[in-house]
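Encoded as structure tokens, the structure appears first; notes follow it.
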Amino acid sequence: MFKHFKTGMLIVTTASTLLFSGNAVSQAYQIESHNVSFGYGFGNFGNAVLNTYESNANYSYSSTGPLFLKYEYGISEKFGIGLNFSYLTGVAGFNSELNGTTYYNEISRTGYNIMLRFNWHFGENDFVDPYFGIAAGFRNNNWESDFGDPDLEDLKIETIFPLGLEATFGARFFITDYLGAYIEVGLARAIAQVGITTTF
């Protein structure tokens, strides 16, 4: 997880260095622009908890995400407002033994966010759009288990306090006037995320 974080920071730092060392004449980010991004995340604490069962016999683990879908509208030359949606699942399975009998056990997690987000864009470049974003909104996490072992107590944990907060630093890199890639690091469903982005 830390390796992915360091890689993300290196890319963002390099992009920022290139951004501020050039002679910029215009901005990749524009007022009244629409931006849609789709990404994948690396480094999620909740799913890392599932890996604590890896010392058990016949351990298996699978996950989807975190996946990110973002929309932003440029309300001014430096600020944008939009919506973020993220989704992830994780499933861990393992064997346990009781009185000579082997049982298969499974524990799963599902989570998603729907948040209102504000971005501050501080670059002035044709191709690179660095920004800092904060978000707040609905955050849901559910844990369930299906333990075959009668010695293990099944669990079902649902979200008690569904408020979520995010703060990330990121950049968009445009390869055409309308299409590019993005990377973000910070406090979100994932420590680092990368994906594709489009503006119109």
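Taking the range 142-161 as the range and being of a type outside the set (S, T, N, Q), part of a loop (DSSP other than H, G, I, E, B) and under 18 Å from Asn47 (Cα atoms) as the test, the residues that pass are Leu155, Glu158.
Of the residues that sit in the range 123-139 and are assigned to a strand (DSSP E or B) and among the aromatic types (Phe, Trp, Tyr), which one is surrounded by the fewest Cβ atoms within 10 Å (Cβ to Cβ)? Spell out the reasoning first.
Taking the range 123-139 first, the residues assigned to a strand (DSSP E or B) are 128-139.
Subset that is among the aromatic types (Phe, Trp, Tyr): 131-132, 138.
Values: Tyr131: 22, Phe132: 15, Phe138: 13.
Taking the candidates together, the pick is Phe138.
Just to be sure, is Gly195 modelled with pLDDT of 95 or more, surrounded by 20 or more Cβ atoms within 10 Å (Cβ to Cβ) and under 21 Å from Gly80 (Cα atoms)? In short, no.
For the range 111-143, the candidate set comprises residues that are under 17 Å from Glu184 (Cβ atoms) and small (Gly, Ala, Ser); within that set, the residue that is modelled with the lowest pLDDT is Gly123. Within the set Glu144, Glu106, Glu184, Glu153, the sole residue that is free of Cβ contacts under 8 Å to residues at least 12 places away in the same chain, touching a Ser or Thr at 6+ places or on another chain (Cβ under 9 Å) and closer than 30 Å to Tyr53 by Cα turns out to be Glu153.
Among Tyr59, Tyr87, which is without any contact (Cβ under 8 Å) to a residue 40 or more places away in the chain, closer than 30 Å to Tyr131 by Cα and part of a strand (DSSP E or B)? Can you show your working first?
Working: Tyr59 fails: closer than 30 Å to Tyr131 by Cα.
Only one candidate passes the filter, namely Tyr87.
If you check Thr168 against the conditions, is it closer than 21 Å to Glu77 by Cα, β-branched (Val, Ile, Thr), without any contact (Cβ under 8 Å) to a residue 60 or more places away in the chain and part of a loop (DSSP other than H, G, I, E, B)? Talk me through it step by step, then tell me what you get.
Working: closer than 21 Å to Glu77 by Cα: yes; β-branched (Val, Ile, Thr): yes; without any contact (Cβ under 8 Å) to a residue 60 or more places away in the chain: yes; part of a loop (DSSP other than H, G, I, E, B): no.
It is false that Thr168 is closer than 21 Å to Glu77 by Cα, β-branched (Val, Ile, Thr), without any contact (Cβ under 8 Å) to a residue 60 or more places away in the chain and part of a loop (DSSP other than H, G, I, E, B).
In the range 173-183, which residues are more than 15 Å from Phe68 (Cα to Cα) and touching a strand residue (DSSP E or B) at 6+ places or on another chain (Cβ under 9 Å)? Listed by number, the residues that qualify are Phe173, Phe174, Ile175, Asp177, Tyr178, Leu179, Gly180.
The values are calculated or read from the model by the stated rules, or taken from the named source; none is laboratory data. All of these numbers come straight from a predicted model, not from anything done at the bench. Neighbour counts run over all protein chains shown; Cβ positions are idealised from the backbone, glycine included.
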